[in-house]
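So the structure is just underneath, and the comments pick up after that.
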Amino acid sequence: MAMAIGIRAQPTRGIVIGCKARARYKETTVDAVVADVSDPGDIGELSIAAAKALKFKNASPRNGGVNSGVAFEFWPDQPATVNGELYELRSA
């Protein structure tokens, strides 16, 4: 016999999937949404669209990107709104 167990939902907190973010490279800034969470030692990566918006010379996911100069900002506990779409905060 299977039984359903109800649990109380816990709020998702901190820098999590769906969190508001911003990336800056040189004089260009792009609003973004956290789409993945990795180990604390990882610097991060951008989508192809974000790399193009930041005017990277090579936005290829295979051999593009830059080695330095990208600054990230995060708004913990705040859902992102990008291009009019509101994102839900989710744990990794």
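The values are calculated or read from the model by the stated rules, or taken from the named source; none is laboratory data. Just so you know, these numbers come straight off a predicted model, no measurement behind them. All accessible areas refer to the heavy atoms of the entire protein, side chains included, with ligands and DNA or RNA removed. Shrake-Rupley method; radii C 1.70, N 1.55, O 1.52, S 1.80 Å.
As a test question: what accessible area, to the nearest 10 Å², does residue 89 have when a 1.4 Å probe is rolled over all protein chains in place?
Solvent-accessible area, nearest 10 Å²: 40 Å².
Pick from 80, 21, 49 the residue whose mean-square fluctuation is largest in a GNM of the chain, springs joining Cα atoms under 10 Å.
49
Rounded to the nearest 10 Å², what accessible area does residue 55 have for a 1.4 Å probe in the complete protein model?
Estimated to the nearest 10 Å², residue 55 gives 150 Å².
To the nearest 10 square angstrom, what accessible area does residue 91 show with a 1.4 Å probe?
80
Just one of [x] -0.45, -0.51, -0.92, -1.15; [y] -0.43, -0.49, -0.90, -1.05; [z] -0.37, -0.43, -0.87, -1.13 is log10 I(q)/I(0) by the Debye sum over Cα atoms at q = 0.12, 0.13, 0.19, 0.22 Å⁻¹ as worked out from the coordinates here. Which one is it?
[x]
With the Cα gyration tensor of segment 18-65 giving a ≥ b ≥ c as the square roots of its eigenvalues, does the rule (a/c under 1.5 for rounded; else a/b larger than b/c for prolate; else oblate) give rounded, prolate or oblate?
Details: a/c = 1.86, a/b = 1.26, b/c = 1.48.
Oblate is the answer for segment 18-65, as a/c is 1.5 or above yet b/c matches or exceeds a/b.
For segment 36-75, report the accessible area per residue in Å² (1.4 Å probe, heavy atoms, rounded to an integer).
Here the per-residue accessible area is 81 Å².
Just by accessible area at a 1.4 angstrom probe, what is the order of 24, 90, 62 from largest to smallest? Walk me through the numbers on the way to the answer.
On the way: 24 105, 90 130, 62 220 Å².
Final ranking, largest accessible area leading: 62, 90, 24.
222 nm [θ] for the chain, helices only, -39500 (n - 2.57) per DSSP H run of 4+, per residue, to 500?
Working: 1 runs with 6 residues, N = 92.
After summing the helix terms and dividing by the residues of the chain, the value is -1500 deg cm²/dmol.
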